[in-house]
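Only one structure is covered here, and it is reproduced in the block below.
The values are calculated or read from the model by the stated rules, or taken from the named source; none is laboratory data. Nothing here was measured: the structure is a model prediction, and the numbers come from that model. Note that we place each Cβ from the backbone using ideal geometry, even for glycine, and neighbour counts take in every protein chain shown. Note: accessible area is taken over every heavy atom of the protein model, side chains too, but ligands, DNA and RNA are not part of it. Shrake-Rupley method; radii C 1.70, N 1.55, O 1.52, S 1.80 Å.
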Amino acid sequence: MIVAAEVVQNAADNGCLVGMTEAAQAQGGEKPERVLADAGYRSEENFRKLAEKKIRAYVALGREGQRGKDILPSTKNPHTQAMQERMRSEEGRYWYRQRKWLAEPPFGWIKHVLGFRRFSLRGHKKVRAEWHLVCAALNLKRIAVLITA
């Protein structure tokens, strides 16, 4: 189920992580225990804010399957340093693997089940409304499947 969705006019995803976490919390009524995200959401600021909210984050620091360069210790990046240690732990690898089957399937369903591959409308407000409609359609389809199962 998609519990929070947004369309922004920025190619970088990292500005959305905390806001989407807050939106998911508002919808679910509870603070999430953990957040799983790919490297597009990486930022010291995001890690700091999630740590302040006592939400355990598992965010890739580089390309999946690549160890990547070590994050050099610095007073400027303590949360990124902690994320590197977390992601290299067995627990971190376990939780990050969960992202594949939690976060990625809805995009496949939207493309292949709903046949949605491009926006029909123009303008941020209209595209945002269209995306929310697509997400609602997917949720309704998932609910129908779950009810009949």
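Numbers below:
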quantity	calculated
Accessible area, probe 1.4 Å, largest first, for residues W131, W95, W109, W101	W101, W109, W95, W131
Accessible area of the chain belonging to carbon and sulfur atoms, whole % at 1.4 Å probe	54 percent
Net charge of neighbours whose Cβ lies under 13 Å from the Cβ of K111, counting Lys and Arg as +1 and Asp and Glu as -1	+1
Rg to Rh, two decimals, where the chain supplies the alpha carbon set and Rh follows Kirkwood	1.00
Spin-label pair E22/V113, simplified geometry with 7 Å Cα→Cβ offset, distance in nm	3.1 nm
Accessible surface of S89 - all protein chains present, 1.4 Å probe, nearest 10 Å²	40 Å²
The chain: most fluctuating residue of G92, G15, G29 per GNM, C-alpha cutoff 10 Å	G29
Estimated dipole of the chain in Debye, rounded to 20 [Cβ of Lys and Arg +1, of Asp and Glu -1, Cα centre]	360 debye
Candidates E45, E33, E22, ranked by Gaussian network fluctuation over the chain, Cα under 10 Å, top entry	E33
Where only alpha carbons of region 23-65 are counted, the Rg and the Dmax (Å)	11.2, 34
Accessible area of H132 in the full protein assembly, 1.4 Å probe (Å², nearest 10)	60 Å²
Relative contact order computed over the chain (Cα-Cα under 8 Å; 6+ residues apart), in percent	25 percent
Calculated FRET efficiency for the pair K141/L121, C-beta based, R₀ 22 Å, to 0.05	0.55
